[in-house]
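The values are calculated or read from the model by the stated rules, or taken from the named source; none is laboratory data. Keep in mind that this is a model prediction, so the values were computed, not measured. Glycine gets a Cβ as well: all are built from the backbone with ideal geometry, and neighbour counts include every protein chain shown. Remember, those area values only see protein heavy atoms, side chains included, never the ligands or the DNA or RNA. Shrake-Rupley method; radii C 1.70, N 1.55, O 1.52, S 1.80 Å.
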Amino acid sequence: MTTSTTGTGAETELAIGGMTCASCAARIEKKLNRMDGVTATVNYATEKAKVTYHGDVSVRDLIATVEATGYTAQEAAPAERPTAEQDVVVDELRPLRQRLVTAVVLAAPVIAMAMIPELQFEYWQWLSLTLAAPVVTYAAWPFHRAAFTNARHGAATMDTLISVGTSAAFLWSLWALFFGTAGTPGMTHPFELTIARTDGAGNIYLEAAAGVTAFILAGRYFEARAKRKAGAALRALLELGAKDVTVLDADGRERTVPVDQLAVGDRFLVRPGEKIATDGTVAEGSSAVDASMLTGESVPVEVGAGAPVTGATVNVGGRLVVAATRIGADTQLARMARMVEDAQNGKAAAQRLADRISAVFVPVVIALALGTLGFWLGNGAGLTAAFTAAVAVLIIACPCALGLATPTALMVGTGRGAQLGILIKGPEVLESTRRVDTVVLDKTGTVTTGRMTLLAVRTAEGTDEAEVLRLAGALEHSSEHPIARAVADGALAKLGALPTPEDFAGVPGLGVQGIVEGHAVLVGRERLLAMGVRPSERSREWGRAMELPEDLRRAKEEAETAGRTAVTVAWDGEARAVLEIADAVKETSAEAIRRLRSLGLTPILLTGDNRAVAESVAREVGIAPEDVIAEVLPQDKVEVVKRLQDEGRSVAMVGDGVNDAAALAQADLGLAMGTGTDAAIEAGDLTLVRGDLRAAADAIRLARRTLGTIRSNLLWAFAYNVAALPLAAAGLLNPMIAGAAMAFSSVFVVGNSLRLRGFRAAD
């Protein structure tokens, strides 16, 4: 049950069935919005309608309206974590794939026999009929069903034209075979391109009926494959959470239960490396929590007793006991899942170009066919001649090349994109790339590496940098803290090997201390040095507090001003160095920003990090300070994108984290870094496999090029059909001209699409 009450009325979400194209969604939306007190948005991609209603309207009334429009509807089930039984993948594309395979296998010989006179043996026309019949009936059934539904409600879509055209071609061929002269043994279609009035009783159009069905089914199949992934972002978000949790009973005993059995107030244990099961408050212990997947903050958050923690974040330090404060649908993770779904539902359904054109083209063709029939009957040409001309109009208008226009360009474009590390989800994505003028870049993991890195070592006078790295790196190598890992990895990269500490201890929230090569070493916050901690008898010199000398204090302040984390190093009772740790900017990010600007895009840096960090990164890659939006909470990223859209901008979003998923869905164009989380990848429209921001510029160029190819394909596909319509209406179109025009338009479309194979990434 998804009904809820808001200040403006009740809201519900309906699952819609039976839609075959974007115009179906538009028709349902129009019918719902005509109801008093109802505001509805129907999304063809997710097959859902989000409806706000008030007054005397009920959910039952909404469902009845949808059903009266010719579709099915029911209340959508709420998003839940998939169970083991639900993990079995249902192949909902199987029926469509079966129809496509049937159509291709049977239509290929029919087309070959019709177009190649050498293959026309004595009874070839009857074999063509045998092969074409299952294609026009079984394989094309979805088009006939949709056309019937549209006709009941006075509407015409591309399904109508496909159904009428293929049916007309097939039925006329049946009449010509059984009652005309086309069934005569030895009948052939000679390959002659002449304009002359012919006897329709000797012509069959089975190749048109079978070929159009196969081509259009291919387009629908590739579109359906892209549409199937629309809900995957929600599943990926829900999968991020922990599945089991260790609950502590009142007597302190531990027991492991499924996370959905957790109740508010329960105390549960989180060991190092485990996910926090749900939102709560730390009751015991202290640790560092990696919340980057949710918040985008690259530096782990230190938590202790009384600190709030969020479900699905990772405990990277010590043992924690957490008291649950929110569970199930109330958690931040669940709220983010709802935000992704709302963003997807609120996104206007992108109508396919062919459907938009068909709104005018289909009624005009049908009217022209009826007018042709009436004209020739009125002029006494006879029933056969009149029907020949009328059927010729329908056949030549039937969109054979149109069925290839989108899928061939999309297949070539997406194939070339895959070679370059760019994945395009579907044809509806391409329209967005043309309009985009602003690109919002998530900082962590997109512009930067997403990993804490040792960037600089600032030493006191007389101190050797290699010695600092050897002693500090050896001590930090024993810690699991992400900042400690950055120091250790940096030291290993420069020195190759590190000594083993003779003594080691962690000071929660401050750093580490121990004995390395006989030296009493401290690594951590400046406050650790000031405390003068003494963990063992072997380190008596730690009994006094230490202060940073002026040069190191200045180095620490400069590092913090630049948005970096400053780690102090001391040994044998004296401060020796300041280490600068930060999320390093990718080497290619500055070049990527320049390429995005060259495409006419304005880059904006968006991050949950603090302002100083964000502006430091922006300066390094060439983004103006006024185009930096920092300290943004996860739920506010969607609002930032909405605000930019409200300003009249068309927004592309590039991100890689869970916290970016809703913003990626809300944006006009979502580009997900393939090195990021599944939730972000599934919410995006384009996926950049390489994790290189330069691929974003290449992706937009490729998408725009592919869209341009689809547009030119559609233009030529219609042009060939429209140019031949007057000949058909005049009764001057013989079968070979119709077949040749259809074949030539198809060859042109395929050839034009293959030009995309020459696309190159910018040097």
TODO: Report ³J(HN,Hα) in whole Hz for each residue of segment 143-151, in order, from the Karplus equation J = 6.51 cos²θ - 1.76 cosθ + 1.60 where θ = phi - 60°; Gly and Pro get x.
DONE: 5, 5, 5, 5, 5, 5, 4, 5, 5
TODO: Determine how large the accessible area of Phe387 is when every protein chain is in place; take a 1.4 Å probe and give Å² rounded to the nearest 10.
DONE: 80 Å²
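Order 255-262, 696-703, 569-576 from most to least packed using the mean count of other Cβ atoms within 10 Å. Spell out each step's value before the answer.
Numbers: 255-262: 14.1, 696-703: 24.0, 569-576: 21.5.
Sorting 255-262, 696-703, 569-576 by mean packing, highest first, produces 696-703, 569-576, 255-262.
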TODO: Would you mind working out the accessible area per residue for segment 103-164, using a 1.4 Å probe, and quoting it in Å²?
DONE: 43 Å²
Open item on the list: Below 8 Å between Cα atoms, with a sequence gap of 6+, how large is the relative contact order for segment 480-614 in percent?
Closed with: 17 percent
Open item on the list: Just to check I understand the Karplus step: with θ = phi - 60° and J = 6.51 cos²θ - 1.76 cosθ + 1.60, what whole-Hz values come out for segment 372-383, glycine and proline as x?
Closed with: 4, 4, x, 5, 6, 5, x, 8, x, 6, x, 5
Open item on the list: For Thr313, what residues show an amide H to amide H distance below 5 Å, using hydrogens built from the backbone and excluding near sequence neighbours?
Closed with: Ile276
Open item on the list: Give me a comma-separated list of calculated 3J(HN,Hα) values for segment 264-272, in order, Karplus coefficients 6.51, -1.76, 1.60 applied at θ = phi - 60°, integers in Hz, x for any Gly or Pro.
Closed with: 4, x, 5, 9, 9, 9, 10, 7, x
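Going from most exposed to least, what order do Lys494, Lys637, Lys48 have by accessible area with a 1.4 Å probe?
On the way: Lys494 130, Lys637 0, Lys48 45 Å².
Final ranking, largest accessible area leading: Lys494, Lys48, Lys637.
Considering only DSSP states other than H, G, I, E and B, which GluC sites (Glu not before Pro) in segment 578-669 qualify as loop sites with at most 11 other Cβ atoms within 10 Å? Write out the running numbers ahead of the final one.
On the way: sites: Glu580, Glu587, Glu591, Glu615, Glu620, Glu626, Glu631, Glu639, Glu647; in loops: Glu587, Glu631, Glu647.
In loop regions of segment 578-669 (DSSP not H, G, I, E or B), the sparsely surrounded GluC sites (Glu not before Pro) are Glu587, Glu647.
Using a Förster distance of 41 angstrom, determine the FRET efficiency expected from the C-beta separation of His153 and Ala590, and round it to 0.05.
On the way: r = 55 Å, r/R0 = 1.35.
Once the sixth-power term is evaluated, E becomes 0.15.
Could you rank Trp376, Trp124 by how accessible they are, 1.4 Å probe, largest area first? Don't skip to the answer; put the middle values down first.
Working: Trp376 40, Trp124 5 Å².
Output order, biggest surface exposure first: Trp376, Trp124.
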TODO: Determine how large the accessible area of Arg220 is when every protein chain is in place; take a 1.4 Å probe and give Å² rounded to the nearest 10.
DONE: 30 Å²
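As a quick test, which of the pairs Lys443/Lys556; Lys243/Lys637; Lys443/Lys586; Lys586/Lys642 have an alpha carbon distance above 18 angstrom in this structure? Don't jump to the answer; show the numbers that get you there.
Values: Lys443/Lys556 23 Å; Lys243/Lys637 27 Å; Lys443/Lys586 10 Å; Lys586/Lys642 28 Å.
Listed pairs above 18 Å: Lys443/Lys556; Lys243/Lys637; Lys586/Lys642.
What is the sum of charges around Gly55, taking Lys and Arg as +1, Asp and Glu as -1, for the other residues whose C-beta is under 13 Å from the C-beta of Gly55? Walk me through the numbers on the way to the answer.
Numbers: positive: none; negative: Asp36, Asp56, Asp61.
That sum, taken over residues with Cβ under 13 Å, equals -3.
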TODO: Enumerate the amide H contacts of Asp244 below 5 Å, restricted to partners 5 or more residues apart or on another chain; note that Pro and chain-start residues carry no placed amide H.
DONE: Val259
